[in-house]
């Protein structure tokens, strides 16, 4: 455990260490021999909360308890010293950890690692933006005390507006850490050309929000590893039900769990999930060995982007039916995309599920509904492309606004991944602050509408879209005639 070299170990502390080592060994055996053999849905429902846990520790509660406590009490000074030295598992203070967040983290680590041969771990955060900060900051430290060496990283330009701001403003403008934007992530030569001896990591969002950008995960991971660098992927839109980058060579996955994982919309949270023994050229063995545990116990202990235990359990409950919800919303989105593609007032539609999308074939290589081959409904592997799409309205920005204002059933909000359908205009909302040049870099025109299709019947969503577009259509027709 971290910090052991600085902690003198007493005989009493050693007894606690031995007891907890036995507990960890039993838990690892349970994961290896039992949990890893479950299907995805079973892991999502149960995680590591067992009947034995419930009966022995929590009075038989069949749902994971919410620990609304700021800290943990200890039996004696030896247990406290061992815990605060990170020599035994602990939740000494809820800024660092909490039993409720542990259950959330353990479950998400297993879901992101489903089908992956190695071990995974997870660090929960208070939001998706906190998860991005948690994932990238440890790689950007100065490695030489006497020289402030230049640092850079690569990132896909097609990304969420908040990600763009964190990299472009907080990193580049405020800290002089260069973000080298990848404008065509499908071009492996562009990635390769921008790597040098000062590069710390590669970062990519896929499918991107809102433009549906995508790239070859395995190819980019292989390139990163050839330079001793980690690949970090944000797959918030897809969720592990459709895409698990760790299975394709990525080292770290970032989730804004607020979105697809918490379809109810009950709160904000995030997560960083990492493979153990990741690739990294920094001289930090603890970071490489177990990145998620490292950031939980050290950097995040000091920065404090913790997740509230109530939110951990709310998200955990949403995650139990993740696969079926992502399947349903993906099928609904495909029907909506097909409708919009034929509408005379729609200029273009971006949805990876459409066969004529330029990235459809690449996305089909990676985006699969997990365990569809075991589902009685399908009985074979099935591609699914998620709930997010975007489209451009003919007539420019004002036409897009008129359509947007005419929606009656679809919610106007900056949210996504909800059980309810939600739409926004990225140029005036999620990507407003990055400016016109930044939006051009990310391929976000002013007449683009981002639509996240929920679990309503698709006919009702299509009817709402049709009536709002029809109002715009008469204006467009008049303008064209003039």
TODO: With a cut-off of at least 1 residues that are touching a helix residue (DSSP H, G or I) at 6+ places or on another chain (Cβ under 7 Å), crowded, with 21+ Cβ neighbours inside 10 Å and free of Cβ contacts under 8 Å to residues at least 40 places away in the same chain, name the helices (runs of 4 or more DSSP H) lying wholly within region 35-146.
DONE: none
Task: Meets criteria (exposed (fewer than 13 other Cβ atoms within 10 Å of the Cβ) and not in a loop (DSSP other than H, G, I, E, B)) for residue 26 - done: yes
- [ ] With respect to residue 239, determine if the residue is in contact with a strand residue (DSSP E or B) (Cβ under 8 Å, 6 or more places away or on another chain) and either on the phi > 0 side of the Ramachandran plot or modelled with pLDDT under 95 (or both).
- [x] yes
Open item on the list: Looking at the structure I just gave you, is residue 354 over 16 Å from residue 158 (Cα atoms) and touching a helix residue (DSSP H, G or I) at 6+ places or on another chain (Cβ under 7 Å)?
Closed with: yes
Open item on the list: Based on this model, can you work out whether residue 455 counts as within 26 Å of the chain's Cα centre (by Cα), touching a residue at least 24 places away in the same chain (Cβ under 8 Å) and part of a helix (DSSP H, G or I)?
Closed with: no
Task: Boolean, residue 155 is assigned to a helix (DSSP H, G or I), in contact with a helix residue (DSSP H, G or I) (Cβ under 7 Å, 6 or more places away or on another chain), buried (at least 18 other Cβ atoms within 10 Å of the Cβ) and assigned by TED's automatic domain parsing to the domain that holds residue 260 - done: no
TODO: Quickly run through region 269-300 and pick out the residues that are out of contact with any helix residue (DSSP H, G or I) (no Cβ under 7 Å at 6 or more places or on another chain) and farther than 23 Å from residue 199 by Cβ.
DONE: 290, 293, 296, 297, 298
Open item on the list: Step by step: first the residues of region 200-213, then only those that are touching a residue at least 60 places away in the same chain (Cβ under 8 Å) and in a strand (DSSP E or B), then the one that is farthest from residue 149 (Cα to Cα). Which residue is that?
Closed with: 203
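Sort through 197, 190, 174, 149 and tell me the only one that's surrounded by fewer than 24 Cβ atoms within 10 Å (Cβ to Cβ), part of a loop (DSSP other than H, G, I, E, B), modelled with pLDDT of 95 or more and out of contact with any helix residue (DSSP H, G or I) (no Cβ under 7 Å at 6 or more places or on another chain).
Result of the check over 197, 190, 174, 149: 197.
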Task: Every residue from region 285-300 that is in contact (Cβ under 8 Å) with a residue 24 or more places away in the chain and over 21 Å from the mean Cα position of the chain (by Cα) - done: 286, 298
Open item on the list: Within region 273-283, take every residue that is under 17 Å from the mean Cα position of the chain (by Cα) and farther than 20 Å from residue 45 by Cα and give me the one that is surrounded by the fewest Cβ atoms within 10 Å (Cβ to Cβ).
Closed with: 275
TODO: Please tell me if residue 470 is over 24 Å from residue 358 (Cβ atoms), under 29 Å from the mean Cα position of the chain (by Cα) and not assigned by TED's automatic domain parsing to the domain that holds residue 260.
DONE: no
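The values are calculated or read from the model by the stated rules, or taken from the named source; none is laboratory data. Given the structure is predicted, the values throughout are model-derived calculations rather than measurements. Ideal geometry is used to build each Cβ from the backbone, glycine not excepted, and the neighbour counts take in all protein chains shown.
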